Structures are given as structure tokens and as C-alpha cells.
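Everything below concerns the one structure shown next.
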Amino acid sequence: MDFNRRVFMQGAAAAAASMATPHGLAADVLKIGYVSPQTGPLAPFGEADKWVIEQMKTAFKGGLSVGGIKYDVQIVLKDSQSNPNRAGEVANDLILKDKVALVLTAGTPETANPVSDACELNEVPCISSVVPWQPWFFGRKGDPAKGFSHTYHMFWGLEDVIANFTNGWKSVATNKKVGGLFPNDGDGNAWGDKELGFPKPLAAMGYSLTDPGRFQNGTQDFSAQIAAFKRDGVEIVTGVVIPPDAKTFLTQARQQGFKPKVITLGKALLFPGAIEALGDLGHGLTTEVWWSPSHPFTSSLTNQSAKALAEAYETGAKKQWTQPIGFAHALFEVAADSLKRAKSLKSADLRDAVAATSLNTVVGPVKWGGPGPMKNVSKTPLVLGQWIKGTKHKVELVIINNEAAKSIPTGGTMSLI
């Protein structure tokens, strides 16, 4: 190529770039923001995200058509660092600097709530998950009569986790005395709430609850809680704690001679890594199961069954499957489906497409404005699982009660620790 022609080509390219959209991107790039805890105490919730995003780069390789225009898809991942303030900051960066069309977020109220709030304020569509709907909705001061305009959520609720935990407890012999571990955070305050949380339904079912009060995440001493549980003859321990706190509590309970028959905790016992770190303290613990290879659902995007998706993760990431894989994947399913149906990338058009979603995903059906508890909430099914010594892996999560979601098969029954 001669020199003059090369200069002309470079000049033309520069001119084309300068005619790009105001934020310096060619008009044919569509950006999706994703915020999750990649670091900090909640990092296990975000552990599978990079793998899922790599999978999505393949799924979106040919681009996406929105309103008849073909766009290249770019996914921008931000780390909330398990910190609500940081989550809000990176959400604002995605909206104001990266100019994303849509934000996806997952992984406890500490990430999803501030991200949803930033999107609601800036009128950018947001789809969130992996937070029970009450801490997401009421934790953000949602008004049941109005709901939210730009933020939509897909997950189960406290009523589902209470049903699953108690379904399991009813299947074994205990004295019905329950000890609660409810930290001073979005989940703990919702789970321990006298009206919305565990106290009321437990009392109605004849369980007595010992709640020694809120504690700070990262606490190093559970002696007060253990003493209260021993005093009241507690045989069942429940609550919602971060993985490091579960380890501290379980270790100190053993040291102090407190041996409950059942330990069913939300959050802390979801991940194989956390259970492995507990050694023999981890065997027999029970927890909620929101997604597993046994779930009878298929991805609308890749046509993978839940089992195939989990196997692909184990092969690709060289790690044991973990529950958030399904929901990270399903967020992109709903995003892709909404974008394809949107009239344009305008915020209102995309928001309307999200709101009109009715899609069978790898975590189950997602539909807003339907039978859900709030117009912005689509509920997904929940079952109960127990950790046992594994054959393929060191520990394995077996579904032991499916009374709340019969379509999901069980692999065993609940046994006392």
C-alpha cells in the first residue's frame, strides 16, 4: 500500500471513529454490565461469574439484533468487593462512564441492592438475583402498591426457605427448640424480622426460637449465642451467616460442648469450598438448594440442561459445581431474550421488554407481573439439601426434601448430624 493511500485510510478510520456515538464507542456495540462480589467474604457467590461470562462471549459471538440493528456484545464485569458502598460506586461507573444498556447483578443484598438502587435512580434497566425477594424489595424501601420502574428480580423468598427448612426438620425427631443466628445485615435483619422472617411461622408450627440478637459479620466470638442455645436446650440451629462466621461458630460450638442434632444455615453452607474447609464439621449440615445438576431445566440460550451446564463448568473451571452458576447463566438468558424483543436500546424500550419476559431458563420459568408476590419479582423454585461425604468430590450436596418443588428430584432423605 503506498504511503498516501495508507494516510488516507488512517484518516478515514479516525473520521469514522469521531462520528461514533457521544461516549466514544462505535454505535454498533452493546454493553451489558455485571456486578458481583469477586473478592471479600462474599466472593464464593461470584466465583463462577468469569467462567459464565466466557461462556457468554461464545454465545454472543455473532452479535445480537435489537430493533433490527445488529450489535456486538461487550460484557463489563465489576467487583463489588462484598461492600455495599463499592457496589453502588461501580454500578454508577457502569451507567455513567461505560454507558451500559443493561445491568445484571447477583450475590446477596450487599451487592444487588445498591446496584439496583443506582439503576432505578438513573433509569437503567437492571435484572438481579441471588437475594431472597424480601430483603431485595423491602430492604430497598419498595412500596408494594407501586413496585419499582426499572429494576426486576428473580429468586425465591423467605417463605420458601422457611418452608424448606421446616419440611426437613419435621422429617426427623427433635425437641423443636431452634437457635437463630441472624447477623446485623440485609439478610440477617430480614430473616430475623418478627413479621417477615422466621419468628412468626416457627411459632405457628410449634417451634420455639431462641434469638440472642444481631451480631456483626466477621465476629470472632460466639460464646454468648452458644451459651443461650445451651441454656434453652436448642437442638436445631438455623440462620443466615457468611462462610467465615459459620466456621467460627461451628468450631467454638464443638469446643464448648454444644452438639445440636440439626444445623440448617442459609448462605454459609451453599458452597463446596466452605464445607471442605470445615473438615468433618461439615458432614450432615443442611442448606437451601436453589440450583443443582438435578434441576429439570434447560438453558434457552445454549440448550444445555442443568446437568450439562454443571459438567461443563467442572471440566472448564476444574472446580466442583456451585449453585450460583445457574443464576449467573440465567441472568444472561433473560438479558438476551429481553434485548431480542426490545424495540430499541432506549432505556424505556428495554425496560418494557424486561418487564414482559416469559422465559423457561436453566433455573426454571421467569415471568414478571404474573403470579409473583410483587410485580418486580419472579420466584424460582427451592428445595433442601444435605452435605455428605462424597464419591466424586470430597463433599457432595444431596437434595433431601422437595415438598416445596416436586419437579426437582431428591437423592436421599434427611439424617441427624
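Taken together, the values in this text are just the output of simple stated rules run on the coordinates, not laboratory data. Note that the structure is predicted; figures quoted are calculated from it, not measured. Here the Cβ positions follow ideal geometry from the backbone for every residue, glycine too, while neighbour counts run over all protein chains shown.
See the values below:
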| read-out | value |
| --- | --- |
| Antiparallel bridges, percent of DSSP beta bridges restricted to the chain (to nearest 5) | 35 percent |
| Radius 11 Å from Cβ of PHE138, net charge of other residues (Lys, Arg +1; Asp, Glu -1) | -1 |
| The chain, relative contact order in percent, only Cα pairs under 8 angstrom and at least six apart counted | 15 percent |
| Stokes-Einstein D (µm²/s) once Rh is taken as the Kirkwood radius of segment 286-343 over alpha-carbon pairs, at 10 °C in 1.306 mPa s | 130 µm²/s |
| For segment 354-417, the fraction of alpha-carbon pairs in successive 10 Å shells from zero, as % | 20, 35, 26, 17, 3 |
| Hydrodynamic radius of segment 175-236 per Kirkwood, over alpha carbon pairs, in Å | 12.0 Å |
| Inter-site label distance for GLN74 and ASP232 at 7 Å from Cα along Cβ, in nm | 5.4 nm |
| FRET efficiency estimate (nearest 0.05) - Cβ-Cβ, GLU403 to THR251, R0 51 angstrom | 0.95 |
| In degrees, nearest ten, helix 109-122 long axis to first principal axis of the chain (Cα) | 40 degrees |
| Projected label distance in nm at ILE417 and SER65, using a 7 Å step from Cα toward the beta-carbon | 5.7 nm |
| Kirkwood Rh in Å, taken over segment 257-392 so that all alpha-carbon pairs contribute | 16.8 Å |
| Relative contact order for segment 183-225, counting Cα pairs under 8 Å that sit 6 or more residues apart, in percent | 42 percent |
| Euclidean distance between Cα centres, segment 378-417 to segment 93-144, Å | 30 Å |
| For the chain, calculated [θ]222 nm from helices alone, where every DSSP H run of n ≥ 4 adds -39500 (n - 2.57) | -11000 deg cm²/dmol |
| Charge tally in the Cβ shell below 14 Å around GLU314, where Lys, Arg are +1 and Asp, Glu are -1, GLU314 excluded | +2 |
| On Cα atoms only, tilt of 158-170 relative to the major axis of the chain in degrees | 40 degrees |
| Placed amide H near ASN401: partners under 5 Å, 5+ positions off or other chain | LEU384 |
| Per-pair calculated FRET efficiency, R0 = 25 Å: GLU311 and ASN85 via Cβ, rounded to 0.05 | 0.10 |
| From the C-alpha gyration tensor of segment 46-168, square roots of 5λ in Å | 27, 18, 15 |
| Contour excess over end-to-end distance, with Cα ends at ALA203 and ASN92 and 0.36 nm allotted per residue | 35.7 nm |
| Net charge contributed by nearby residues that have their C-beta within less than 13 Å of ALA253 (K/R +1, D/E -1) | +2 |
| Cα pair count fraction exceeding 21 Å, expressed as % - segment 313-397 | 46 percent |
